[in-house]
Amino acid sequence: MTTDKAIITARKHIGSGAEMDSSARFCLNDALRAYERGDYDAARMWAKKSLAYSVGIAHSDYRKVA
């Protein structure tokens, strides 16, 4: 999965009622900032962390990004 798609996937799960939604939002924000400065590895890592907080590491979308 590309970095673009990883960020889109993470954004899709924001606000879905996760207990750690604020942490997911924080990580997504960091992913977007890293992407804007051209640090795609960091952007992907932050998108993955966002998904870990919003859907958990067992979710299929997390595994696709990981």
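Sort Thr9, Thr2 by Cβ crowding within 10 Å, fewest neighbours at the top.
Listing Thr9, Thr2 from fewest to most nearby Cβ atoms yields Thr2, Thr9.
Over the chain, calculate the relative contact order: mean separation of alpha carbon pairs under 8 Å at least 6 apart, over the residue count, as a percent.
38 percent
Quote to one decimal, in nm, the extra length available between Ile14 and Lys64 on full extension: 0.36 nm per residue of separation minus the C-alpha distance between them.
16.3 nm
Apply the Kirkwood formula to the chain: the hydrodynamic radius equals the inverse of the mean of 1/r over all pairs of different alpha-carbon atoms; give it in Å with one decimal.
Result for the chain stands at 11.0 Å.
Bear in mind these aren't lab numbers, they're just calculated from the coordinates by the rules spelled out. These figures come from a predicted structure and were not determined experimentally. Don't worry about glycine lacking a Cβ; one is built from the backbone with ideal geometry, like all the others, and counts go over all protein chains shown.
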